[in-house]
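The values are calculated or read from the model by the stated rules, or taken from the named source; none is laboratory data. Everything numeric in this text was worked out from a predicted model, so none of it was measured. Note: ideal-geometry Cβ built from the backbone for every residue, glycine included; neighbour counts use all protein chains shown. For accessibility, only protein heavy atoms count, side chains too; no ligands or nucleic acids. Shrake-Rupley method; radii C 1.70, N 1.55, O 1.52, S 1.80 Å.
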Amino acid sequence: MWYNNAMNEMIVFDSGLRLIVSPNPAVRSVAAGVFVGAGSAYETPEQSGISHFIEHMMFKGTANRSAFDIVNEIDSLGAQINAYTTKSSTCYYTLSRDVHAAECLDVLSDMYFNASFDGGELKKERKVVLEELNESEDTPDDLCMEKLSAAFFKGHPLEKPILGTRKSLHAMNADDLHAYKDKFYVPGGTVISLAGNLTVSEGVRLAERYFEDKFSEAKESPRRTLAAAPMKGMFAHAKKEIEQAHIAFAFPSAAYDTPDAVAARLLAAVFGTEMSSRLFQSVRERLGLCYSIVGYPTAYENNGAFIIYTSTSPENVELAVTAIRKEIDLLLKEGITAEELRKGKEQIVTGMVLGQESTSAVMRGMGRHAVATGKLYDIDEQIAKAEAVTCSDVAEVAAKIFDFGRVSASCVSPSPVDVRKMIREA
């Protein structure tokens with residue numbers, strides 16, 4: 001089955017495997033991504049971190065290549081290979097000259113189908129993942145955001161950490177990894193995303209040779225639909241002997257690919273993502289209370305959060321929180337101006353357009369959208385949605401988002417304070 005828009009095509013093969021091809025003859029590179037609908041949101045508590053652990057182990061050797069062979073073969077092409085895991089998916093990708101696209105897909109295919117999960121390599125890589133967990137916990141902003149996510153999504157699959165826990169990581173063995181991979185790494189749960197200097201027919205041939213022809217049967221993913229989170233408004237904190245207090249808030253926001261999602265992005269452009277945004281100009285430029293401050297939406301299936309994060313001296317926490325609350329109240333009272341809306345649209349649309357000039361960005365965006373929605377991303381449609389947003393649309397979305405009865409918060413500092421209570425009462 002073939003789907004297309006002005007620039008891109010999506011092909012659904014008999015097995016259920018989906019292929020996205022975004023041709024760009026103006027470049028001489030190809031970005032190739034293999035997306036699997038497996039992330040921390042679909043793990044049981046005992047499996048916590050297994051999607052990310054498998055991502056690591058996929059690089060540690062196959063039936064045909066050693067761990068060194070995988071990276072050396074890619075390096076010998078002058079190409080790049082990497083991977084990442086999110087709460088909802090895992091992606092393995094390469095970036096190479098167009099003449100080496102087939103060789104890169106050969107390596108990605110070997111990893112996907114033939115990863116060995118050798119016991120000795122597993123023991124070593126477990127140590128690496130545990131060090132990654134240690135590093136994250138030693139990084140105050142990472143720790144603050146992880147605690148915020150756990151508080152905001154408490155009691156929901158999205159609360160689970162991508163890296164897992166020490167207990168779950170120590171308990172995992174090769175059989176566990178194989179069983180999980182066999183369930184989720186199936187054609188119905190996989191998307192191949194190709195962007196760069198290749199035609200659709202060339203993309204189809206590559207996908208058939210290295211993926212479709214290797215599946216023994218059509219198989220659907222066990223990935224289940226995520227319900228809406230309860231978002232009860234929790235607070236989490238961690239005591240850490242550091243110079244600053246790291247504080248973050250999460251408000252209920254629009255889910256991925258919903259009508260309110262674009263308005264939420266425009267709200268963020270005006271309110272918190274740019275240097276000219278209200279939060280930056282107020283809390284940093286006018287009051288000098290922080291080095292950086294951001295406000296942005298993050299979206300998942302049936303769920304979304306609007307995040308505000310900053311760090312400041314412990315003695316300035318209350319001043320910073322009060323300033324943030326003041327800007328929110330002003331926004332809710334007066335809305336945004338026509339000029340702010342125009343500027344926000346320019347920022348968002350320009351970001352979309354410039355993203356199309358990067359084969360890596362196109363590959364990731366197309367793959368992520370297909371995994372999340374099963375649909376082909378259409379930039380013209382997204383631009384039209386952004387252009388159609390009005391000031392009143394942004395005001396309506398802001399009123400939905402900034403619900404202080406459901407706000408969650410986190411704080412990492414030498415003496416953590418309940419910033420959730422503070423912003424509610426400011």
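See the values below:
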{"read-out": "Chain lengthening between Val12 and Phe113 when straightened (0.36 nm per residue, less Cα-Cα)", "value": "34.4 nm"}
{"read-out": "Surface accessible to a 1.4 Å probe, per residue, for the residues of the chain, Å²", "value": "44 Å²"}
{"read-out": "Solvent-accessible area of Val12 with every protein chain in place, 1.4 Å probe, in Å² to the nearest 10", "value": "40 Å²"}
{"read-out": "For the stretch 7-157, alpha-carbon Rg over 2.2 N^0.38 Å", "value": "1.18"}
{"read-out": "Accessible-area composition of the chain, carbon plus sulfur, in percent [1.4 Å probe]", "value": "50 percent"}
{"read-out": "Net length gained if the chain between Ser216 and Asn72 were fully extended (0.36 nm per residue, minus Cα distance)", "value": "48.9 nm"}
{"read-out": "Low-density loop positions, GluC sites (Glu not before Pro), the stretch 131-224 - DSSP coil, at most 12 other Cβ in 10 Å", "value": "Glu217, Glu220"}
{"read-out": "Cβ-derived FRET efficiency at R0 22 Å, Ser292 paired with Glu318, nearest 0.05", "value": "0.70"}
{"read-out": "FRET efficiency, 1/(1 + (r/R0)^6) with R0 30 Å, evaluated for Asn5 and Thr225 via beta carbons", "value": "0.70"}
{"read-out": "Stretchable slack from Ile383 to Lys421, in nm (0.36 nm times residue separation minus alpha-carbon distance)", "value": "9.8 nm"}
{"read-out": "Volume per residue of the C-alpha convex hull in the chain, rounded to whole Å³", "value": "142 Å³"}
{"read-out": "Distance in nm between pseudo-label sites at Lys400 and Glu131 (7 Å out along the Cβ direction from Cα)", "value": "4.5 nm"}
{"read-out": "Calculated FRET efficiency for the pair Met352/Glu103, C-beta based, R₀ 45 Å, to 0.05", "value": "0.90"}
{"read-out": "Amide H within-cut-off set for Ser29, under 5 Å, with H built and near neighbours excluded", "value": "Asp98, Asn197"}
